[in-house]
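Q: Right, I'll just put the structure down here and ask away after.
A short reminder: the numbers here are calculations on the coordinates, not readings from a lab. From a predicted model like this one, the values you see are computed outputs, not experimental measurements. Counting neighbours? That spans all protein chains shown, and the Cβs are built from the backbone with ideal geometry, glycine included.
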Amino acid sequence: MIEVFIDIILLSFIAVTAVAILRMTNLFAIIMLFGIFSFLSASLFAVMDAVDVAFTEAAVGAGISTVLMLATIALTKTQKEKVSVSHRHWLPLSVVIVTGAVLVYGTLDLPAFGDPEAPAQTHVAPYYIDKAVEETGLPNMVTSVLASYRGFDTLGEVVVVFTAGVAVLLLLGGKHRISDTGTNEIEKNEHSLILRVVAKFLIPLIIVFALYVQFHGDFGPGGGFQAGVILSAAIILYTLVFGLDAAERVIPPSILRILASLGVLIYTGVGIVTILLGGNYLNYSVLGDSKVAGQHLGILLVELGVGIAVFAVLLVIFLTFAGRGRP
Amino acid sequence: MYTAVSLAILVSLGLVLARALLGPTVYDRIAAVNMFGTKTVLLIAVLAFSSGRTDLLDIALVYALINFTGVVAVMRLVTYGSFHSSRKADTKSVTADKG
Amino acid sequence: MIIDILSWILLLGGGLLGIIGGIGMHWFPDVYSRQHAAGTTDTLCAMLILLGLALQAGFSLVTFKLALIFIFLLFTNPTASHALANAAMQGGLRPQLERTAGGDNP
Amino acid sequence: MMDFIIGHYNYWVSIFLMMVGFYAVISRGNLVKKIIGMNVFQVSVFLLYISISTVEQGSAPIFTEGVELYSNPLPHVLILTAIVVGVATTALGLALVVRIKEAYGTIEEDEIHELDHTL
């Protein structure tokens with residue numbers, strides 16, 4: 001009962017936050033509120049038993065997306081949204097109200113929240129719940145569905161992430177000089193000592209935790225996507241505290257580009273190996289002595305590929321944003 | 001018992017959310033986001049115990065770690081104006097905030 | 001039994017501090033005093049609740065994770081408060097030293 | 001009646017968020033605001049999917065001894081990957097905004113249209 005109550009309260013909070021995001025004009029404040037919005041949605045996922053999803057949202061929303069939006073604000077030098085008076089507000093408002101009303105009418109026939117007899121619960125899901133543990137030997141069903149049963153789907157997603165990274169590089173990667181930063185100062189970090197000491201202590205722990213998430217993902221919540229995001233957040237923290245040049249000395253962008261390709265290559269390569277061993281593409285059963293061992297090995301490799309690709313792509317995106325307009 | 005604690009955390013979440021909505025300066029909002037993050041960590045930790053799913057503690061752990069990155073990013077932007085230069089930016093434009 | 005009562009007291013104390021911190025964010029007149037109220041109660045609230053939960057968990061991997069969360073919060077929270085106050089000061093915001101006549105401060 | 005409201009509250013809030021995001025995209029001229037509106041829209045879809053996957057009294061889909069009822073793992077998989085893809089595509093959108101700013105000097109839609117016409 002208490003979970004339903006928490007659920008309702010959090011949903012009300014998230015609705016209030018969304019309206020505030022809509023009404024505010026200061027973009028900086030909006031991004032702060034968007035951080036809170038993402039905290040709330042991750043808590044909601046946790047309340048609704050979606051542990052892995054909450055994990056991903058926690059790692060993405062609190063770190064990466066806020067940082068990227070802030071970088072955009074810095075690059076476009078726009079703090080405030082211009083509100084034009086001439087805008088006719090009734091047209092979009094009426095479109096939205098009509099669409100919303102139709103959608104709400106549609107929900108009246110939906111099964112109630114948490115109904116175990118709902119159509120979504122009775123088709124393919126029972127198969128996964130009954131067979132996944134037995135067929136792959138992994139307790140975390142989300143991982144086995146992600147990497148094995150729906151391996152094609154995940155391959156597609158990884159390629160989309162990779163493509164987005166390439167596109168960001170093409171758009172912002174080149175050297176772009178801004179005229180007003182004429183002084184060539186030596187990158188000297190003025191951030192306070194306290195921040196640097198704490199960051200030095202935290203960053204190794206974040207990296208170790210990311211590795212735990214990567215390899216424990218078969219048994220508990222976690223996996224390649226989450227680990228990649230957490231690992232890139234660690235390097236982003238390093239960049240923020242010690243400066244961009246220092247970070248590029250630690251991980252040169254050329255290596256990151258190779259890593260991003262390598263991640264996707266590992267994923268597709270596992271598929272090719274399964275074909276060569278006489279199975280179907282991404283059917284890991286042929287990889288090991290027994291079916292279960294093969295599945296386990298295949299999932300481990302594929303998750304590793306996903307982790308490397310996501311880590312490298314997100315970091316490339318961040319470094320490209322951060323380095324834009326550098327003198 | 002867990003119910004009482006989660007209710008208390010929800011109340012404080014509401015109060016912090018109100019502060020984030022009201023402003024008036026950016027720093028109030030940043031403080032609110034930071035405190036919201038900590039309270040979310042606690043809420044998830046309490047929830048992990050009340051429902052007996054201790055896996056949720058991993059999420060709380062992620063939050064405790066990643067929340068810091070976001071706050072540092074905001075500080076850096078407010079103080080330096082960009083992520084690559086170490087020159088002090090004209091911060092007046094950022095701090096002059098009316099919600 | 002004693003451990004149970006002790007952990008309940010800790011949990012309730014933590015919850016109470018959370019609410020007090022939330023009220024503190026509205027009670028005080030300027031950024032620095034609000035940050036003071038939020039930062040101090042926040043860290044202690046987290047400490048009490050995590051300690052209370054650890055007492056419930058006994059000695060296991062769960063306690064270890066709670067201890068990790070505890071250590072992270074112990075380090076990051078005051079650091080964030082420090083960085084925030086520092087940024088506010090550099091941003092040109094002065095602490096309000098005089099009591100305002102019509103304010104809602106005590 | 002109360003049961004009906006509690007049973008559908010999740011869907012209604014999802015739709016509300018979706019409409020807030022939609023409104024931000026179609027009525028606001030600022031491109032960053034539009035992208036944030038798109039993100040709100042996106043989160044509403046995530047919430048809807050996860051709401052559908054939830055089973056009352058169910059446990060998280062990680063096999064544990066003695067647990068019979070699990071939530072549906074399939075929407076979790078879809079949304080998990082969608083979140084990471086979402087942040088990558090958001091980054092792409094933001095990169096486009098940065099380029100538009102460099103080319104036009106503004107990120108307000110009206111002003112961009114005006115500049116297009118005067119050229």
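Q: Between D:TYR70 and residues 5 or more places away or on another chain, which pairs have amide H atoms under 5 Å apart, with H built 1.01 Å from N, and which residues are they?
A: Amide H neighbours of D:TYR70, under 5 Å, 5+ apart: D:SER59.
Q: Around A:LYS80, which amide H atoms from residues at least 5 apart in sequence, or from another chain, sit under 5 Å from its own amide H, with H modelled in the peptide plane?
A: When sequence neighbours closer than 5 places are left aside, the close amide H contacts are A:LEU27.
Q: Gaussian network model of chain C, Cα springs within a sub-10 Å range: biggest mean-square fluctuation belongs to which of C:SER81, C:SER33, C:SER60?
A: Among C:SER81, C:SER33, C:SER60, the largest GNM mean-square fluctuation belongs to C:SER60.
Q: What does the charge count near A:LEU211 come to, summing +1 for each Lys or Arg and -1 for each Asp or Glu among other residues with Cβ under 14 Å from its Cβ?
A: Value of the local net charge: -3.
Q: Another question about this same structure. What is chain C by shape, rounded, prolate or oblate, if you read a ≥ b ≥ c off the alpha carbon gyration tensor as root eigenvalues and call it rounded for a/c under 1.5, prolate for a/b larger than b/c, and oblate otherwise?
A: oblate
Q: Enter the mean number of other protein chain beta carbons within 10 Å of the beta carbon of each residue in C:41-48, as an integer.
A: Average per residue, whole number: 3.
Q: Placing +1 at every Lys and Arg Cβ and -1 at every Asp and Glu Cβ, with all other atoms neutral, what dipole size does chain D have around its Cα centre, in debye to the nearest 20?
A: Computed charge dipole of chain D: roughly 140 debye.
Q: Strictly over 18 Å apart at the Cα level, which of D:LYS33/D:LYS101; A:LYS200/B:LYS39; A:LYS80/B:LYS39 would you flag in this model?
A: Pairs exceeding 18 Å: A:LYS200/B:LYS39; A:LYS80/B:LYS39.
Q: Separate question: In deg cm²/dmol and to the nearest 500, what is the mean residue ellipticity at 222 nm of chain A if only DSSP H runs of at least 4 residues count, each as -39500 (n - 2.57), divided by the residue total?
A: Roughly -23500 deg cm²/dmol at 222 nm, from the helical runs in chain A.
Q: Would you give the gap between the C-alpha center of the range A:63-139 and the C-alpha center of the range B:54-77, rounded to a whole Å?
A: 23 Å
Q: Could you point to the residue in A:TYR281, A:LEU211, B:MET35 farthest towards the positive end of the protein assembly as shown's charge dipole, with +1 and -1 charges on the Cβ of Lys/Arg and Asp/Glu respectively?
A: B:MET35
Q: With a ≥ b ≥ c the root eigenvalues of the C-alpha gyration tensor of the protein assembly as shown, is it rounded (a/c under 1.5), prolate (a/b larger than b/c) or oblate?
A: rounded
Q: How high is the FRET efficiency between C:PHE64 and D:PHE4 when r is their beta carbon distance and R₀ equals 45 Å, given to the nearest 0.05?
A: 0.50
Q: Which chymotrypsin sites (Phe, Trp or Tyr not before Pro) does the range C:12-70 hold that lie in a coil by DSSP with at most 15 other beta carbons within 10 Å?
A: Passing sites in the range C:12-70 are C:PHE59.
Q: Hey, got the dipole for chain A? About the Cα centre, +1 on K and R Cβ, -1 on D and E Cβ, debye to the nearest 20?
A: Here the size comes out at about 1560 debye.
Q: Report, in deg cm²/dmol and to the nearest 500, the calculated mean residue ellipticity at 222 nm for chain D, where each DSSP H run with n ≥ 4 adds -39500 (n - 2.57) and the sum is divided by the residue count.
A: Mean residue ellipticity at 222 nm (helix-derived): -27000 deg cm²/dmol.
Q: Could you tell me how many degrees, from 0 to 90 and to the nearest 10, lie between the Cα long axis of helix C:31-57 and the main elongation axis, the longest principal axis, of the Cα atoms of chain C?
A: For helix C:31-57, the angle is close to 0 degrees.
Q: Now for a different question. Taking the Cα centroid of the range C:38-92 and of the range D:27-95, what is the distance between the two, rounded to the nearest whole Å?
A: With the range C:38-92 and the range D:27-95 each reduced to a Cα centre, they are spaced 28 Å.
Q: Also, quick follow-up: Can you classify the range A:1-80 as rounded, prolate or oblate using the Cα gyration tensor, where a ≥ b ≥ c are the square roots of its eigenvalues, rounded means a/c under 1.5, and otherwise it's prolate if a/b beats b/c and oblate if not?
A: The shape class here is oblate.
Q: With a cap of 12 neighbouring Cβ atoms within 10 Å, and only residues DSSP puts in a loop, list the GluC sites (Glu not before Pro) found in the range A:98-139.
A: A:GLU117
Q: If you don't mind, another one. Which net charge results when you count Lys and Arg as +1 and Asp and Glu as -1 among the other residues whose beta-carbon is under 12 Å from that of D:ILE107?
A: Here the charged neighbours net out to +2.
Q: Still on this structure: Kindly provide the trypsin sites (Lys or Arg not before Pro) of the range A:75-164 that DSSP labels as loop, not H, G, I, E or B, and whose Cβ sees at most 10 other Cβ atoms within 10 Å.
A: Qualifying residues, ordered by number: A:ARG88.
Q: Let me know the charge dipole size of the protein assembly as shown about its Cα centre in debye, to the nearest 20, where only the beta-carbon of Lys, Arg (+1) and Asp, Glu (-1) is charged.
A: Roughly 2240 debye for the protein assembly as shown.
Q: Sort A:36-42, A:199-205, A:261-267 by the packing proxy (mean of other Cβ within 10 Å over each peptide's residues), most packed first.
A: Listed from highest to lowest mean packing, they are A:36-42, A:261-267, A:199-205.
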